[in-house]
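**Student:** Could you have a look at this structure, given as structure tokens, before my questions?
The values are calculated or read from the model by the stated rules, or taken from the named source; none is laboratory data. Since this is a predicted model, take the numbers as computed values, not measurements. So basically every Cβ, Gly included, is an ideal-geometry build from the backbone, and we count neighbours across all protein chains shown.
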Amino acid sequence: MRRSDREAAYTDFVLARQDHLRRVAYALCGNWHDADDLLQTALTKLYVAWSRVARDGNPEAYVRRILVHTNIDDFRRRQRRVQTVSLDVGADMPARERLDSDEQAALMEALQSLPDMQRKVVVLRHWLGLDVRETAVELGIAEGTVKSHSSRGLAALQSVLASPAEPLH
Amino acid sequence: MDLKETFDRALDGGPAHRPIEDRLAVGRRATRRRRTAMGASVLATALVLGGIGWAAQPDPAVKTEGSVATSPTPPPTVVSESPAPSMPTPMYEYDFYTGDLETASGVAIQHQVDSPIARSGVKSSAAVITFKGKTWWVMSALREAGRPLRNGWNEEQEPTPGRSFEQWMHEMDVLWTEPMFDTYGYKAGWVTISENGLLTPHKGATILEQSSPARLDQAPEGVPSATATIEVDGARLCVIARIMDDPSPGIVYLAESEYPGCGDALIGYPYESAP
């Protein structure tokens, strides 16, 4: 394939999917700066591997995998964010004023407060709609681990975002 | 509450995307760099094999008899992508649930400092350890009063030549203690950046040196950016600041003992366009 043809196909894909892919990056990183950098890194790797990836027929899965694993790399390198853990999930959780006023900010804050792998599982399973097996393959972990991360992650989100009478789906 | 729908709403928006021409240019550059690296690798392999071949030649001054067996050329090395990384196990940390200090199996403590963070309600410990044959500086802190939410952090760093363990501990304290008390939206606010890339100190910080723009691996080309070394409460910090199409500038503070002069400092992800 000539370079111009390759670049035309790459351009079509990027323009069609960069919005969605950056939202995935944003869900993983929690801020637009890092999300933008992360997406650029992934799209550059995609450019280099375009011929092979396009032949395999699923460039989006390729980029998503880079987003997830590049973020893990970053976690390993920096491990420096203050982490917050809920000790009593669902019980005695004080109401947070901003939940009523800014659901969007609250969700992102709650999502970023999850441990790294829980956050990835929640994003892949409950936003992108991957099933347990697909999530396990994507993250390179066991299906049982996906299930436990999923239930803990959802419980933590629920404790911040929803009342007990309104379970998250 | 439909979580997917909530996600869809929460993740909407964001700044404008980089132009597709920029993405293509970065991709082309990365392809060229990769080819150059592969070419250099092949050349290095050839030189090594050539060297081995040369070294295996019999000394012309030594008379040999019979034939010399030559080994077949080894197959070329196949470079594959590394497998998906697994989650790391912290070497030294407070358990969030029990509040106990835990060390990974195999950690040997050489020197330990109890409560290096002098702030009430914070449990902290730091140490110089050896683990799997390497020496590490490690430090962990936990905000004890945070119930039902509990905040904490743990850090690990290979000793930096020319920098002391005490200096590193103090930098960690300055960087990470305060965010434990405001994990949602904490802003250190020690510098601000102007549209022309000039940094201004605040809250008692002192700028020791600054330069603009930041390197290409620290900020995209064409956006206001700067790097600096600052001093805050006696701790030296590296600053990387940039203004992108976002509501607030991205300003990152790093421990100067880990990134002397901001060298090899990363904001988060290396730009493929880095020189």
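**Student:** Kindly provide the set of residues from segment B:106-120 that are under 25 Å from the mean Cα position of the chain (by Cα), part of a loop (DSSP other than H, G, I, E, B) and within 24 Å of B:VAL174 (Cβ to Cβ), ordered by number.
**Tutor:** B:PRO116, B:ILE117, listed by residue number.
**Student:** Same structure, new question: With A:ALA16, A:ALA27, A:ALA35, A:ALA9 as the choices, which residue is of a type in the set (A, V, I, L, M) and without any contact (Cβ under 8 Å) to a residue 12 or more places away in the chain?
**Tutor:** Step by step, each of A:ALA16, A:ALA27, A:ALA35, A:ALA9 is checked, and only A:ALA16 is of a type in the set (A, V, I, L, M) and without any contact (Cβ under 8 Å) to a residue 12 or more places away in the chain.
**Student:** Identify the residue in segment A:1-58 that is part of a loop (DSSP other than H, G, I, E, B) and more than 10 Å from chain B (Cβ to nearest Cβ) and, among all such residues, is nearest to B:VAL26 (Cα to Cα). If you could, list the steps in order and put the result at the bottom.
**Tutor:** First pass over segment A:1-58, keeping only residues part of a loop (DSSP other than H, G, I, E, B): A:1-2, A:30-31, A:49, A:57-58.
Keeping just the survivors that are more than 10 Å from chain B (Cβ to nearest Cβ) gives A:1-2, A:30, A:57-58.
Values: A:MET1: 20, A:ARG2: 18, A:GLY30: 25, A:GLY57: 23, A:ASN58: 22 Å.
Restricting to residues being part of a loop (DSSP other than H, G, I, E, B) and more than 10 Å from chain B (Cβ to nearest Cβ), the top hit is A:ARG2.
**Student:** Something else about it: Quickly run through segment B:130-147 and pick out the residues that are more than 22 Å from B:HIS170 (Cα to Cα) and surrounded by 12 or more Cβ atoms within 10 Å (Cβ to Cβ).
**Tutor:** Initial filter on segment B:130-147 (more than 22 Å from B:HIS170 (Cα to Cα)): B:131-134, B:145-147.
Listed by number, the residues that qualify are B:PHE131, B:GLY146.
**Student:** Restricting attention to segment B:123-166, which residues are basic (Lys, Arg) and either within 16 Å of B:ALA255 (Cβ to Cβ) or at pLDDT 90 or above (or both)? Give the derivation first.
**Tutor:** Applying the first criterion (basic (Lys, Arg)) to segment B:123-166 yields B:123, B:132, B:134, B:143, B:147, B:150, B:163.
Across segment B:123-166, the qualifying residues are B:LYS123, B:LYS134, B:ARG163.
**Student:** Restricting to segment A:37-51, name every residue that is of a type outside the set (A, V, I, L, M) and touching a Phe, Trp or Tyr at 6+ places or on another chain (Cβ under 9 Å).
**Tutor:** A:ASP37, A:GLN40, A:THR41, A:THR44, A:LYS45, A:TYR47, A:TRP50
**Student:** Test B:TYR184 against the stated conditions and say whether it is at pLDDT below 85 and buried (at least 16 other Cβ atoms within 10 Å of the Cβ).
**Tutor:** No; evaluated as a whole, the condition is false for this residue.
**Student:** Does A:ALA91 meet the test of being in a loop (DSSP other than H, G, I, E, B), modelled with pLDDT under 80, farther than 24 Å from B:ASP12 by Cβ and more than 8 Å from chain B (Cβ to nearest Cβ)?
**Tutor:** no
**Student:** Residue check, B:ALA127 against (1) within 14 Å of chain A (Cβ to nearest Cβ); (2) crowded, with 19+ Cβ neighbours inside 10 Å, all met but one. Which one?
**Tutor:** (1)
**Student:** Same structure, new question: Suppose the filter is modelled with pLDDT of 95 or more and farther than 26 Å from B:THR135 by Cα; does B:ILE243 pass it?
**Tutor:** For B:ILE243, the condition - modelled with pLDDT of 95 or more and farther than 26 Å from B:THR135 by Cα - is not met.
**Student:** Considering each residue of segment A:12-39, count those that are at pLDDT 85 or above and not acidic (Asp, Glu), and give that number.
**Tutor:** Number satisfying all stated conditions: 16.
**Student:** Among the strands (runs of 3 or more DSSP E) contained in segment B:149-218, which hold 2 or more residues that are of a type outside the set (D, E, K, R), in contact with a Phe, Trp or Tyr (Cβ under 9 Å, 6 or more places away or on another chain) and under 27 Å from A:LEU111 (Cβ atoms)?
**Tutor:** Here the list reads B:149-157.
**Student:** Condition check: surrounded by 13 or more Cβ atoms within 10 Å (Cβ to Cβ), at pLDDT below 85 and among the small types (Gly, Ala, Ser). Does A:ALA9 satisfy that?
**Tutor:** no
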